[in-house]
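Structure record follows, encoded as structure tokens.
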Amino acid sequence: MSIFHLIYASTAAPDLKPVDLERILDASVRNNKRSDITGMLLYIEGTFLQALEGDEAAVTGAYRRIEGDPRHQGLVVIQSSPIESRSFPDWSMGFKYLGVEELSKRDSYRNHINNDFYSKVRDLKPDTALAMLREFSI
Ligand SMILES: Cc1cc2nc3c(=O)[nH]c(=O)nc-3n(C[C@H](O)[C@H](O)[C@H](O)COP(=O)(O)O)c2cc1C
């Protein structure tokens, strides 16, 4: 069966609380397990970057649900395409909460983190976005 992935960025709702992140993650793990979706979610000071991978219909179905979630807005799809193999086979949904400061310590991302972090993330090239998600999934 061919595998498909979708990577997107979004901005967290202004009133998002830590408990909301917990709830998002709980639902993600529960639903994704059922649909054989794997992936990774990064939360970087108000910006989400997420990869979903699995069967195309399952991934697009999950994305449609995620898209309508009021806990974030301004979703921009960075890549939506078939892939050779999964990048996050062990994670129903991996999660990492990152500070911009932590990210700025990595040379490879220094260019992406200045003032307007969200606009930088939404403009990431697909390969860079995937590399960033992979780097923090370990
Ligand atoms: C940033 C973000 C990422 C999310 N990721 C997923 C996900 O990977 N899988 C999923 O099923 N729901 C995800 N959700 C939650 C969905 O939008 C939705 O609330 C959930 O699927 C509803 O599940 P439930 O009916 O079982 O409570 C995400 C929500 C947000 C805001």
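The values are calculated or read from the model by the stated rules, or taken from the named source; none is laboratory data. The structure presented is a predicted model; accordingly, all values stated were derived computationally and were not measured. No Cβ is skipped: glycine too gets one built from the backbone with ideal geometry, and neighbour counts run over all protein chains shown.
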Flagged pairs (Cβ under 8 angstrom, 6 or more apart or on separate chains; first in the stretch 58-76, assigned to a strand (DSSP E or B); second hydrophobic (A, V, I, L, M, F, W, C)) are His72/Ala12; His72/Ala13; His72/Leu16; His72/Phe48; Gln73/Ala13; Leu75/Ala9; Leu75/Ile66; Val76/Ala9
Every listed condition ((1) under 15 Å from the mean Cα position of the chain (by Cα); (2) more than 16 Å from Gly94 (Cα to Cα)) holds for Gly54 save (2)
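Name every residue in the stretch 32-57 that is outside any strand (DSSP E or B) and of a type in the set (D, E, K, R), in order of residue number.
Of the residues in the stretch 32-57, the ones outside any strand (DSSP E or B) are 32-37, 45-46, 55-57.
Lys33, Arg34, Asp36, Glu45, Asp55, Glu56 - these are the residues of the stretch 32-57 that are outside any strand (DSSP E or B) and of a type in the set (D, E, K, R).
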query = Yes or no: Val29 outside any loop (DSSP other than H, G, I, E, B) and either loosely packed, with under 13 Cβ neighbours inside 10 Å or touching a residue at least 60 places away in the same chain (Cβ under 8 Å) (or both)?
reply = yes
Per the list (1) of a type outside the set (A, V, I, L, M, F, W, C); (2) over 13 Å from Ala129 (Cβ atoms); (3) modelled with pLDDT under 95; (4) exposed (fewer than 13 other Cβ atoms within 10 Å of the Cβ), residue check on Pro89 breaks on (3)
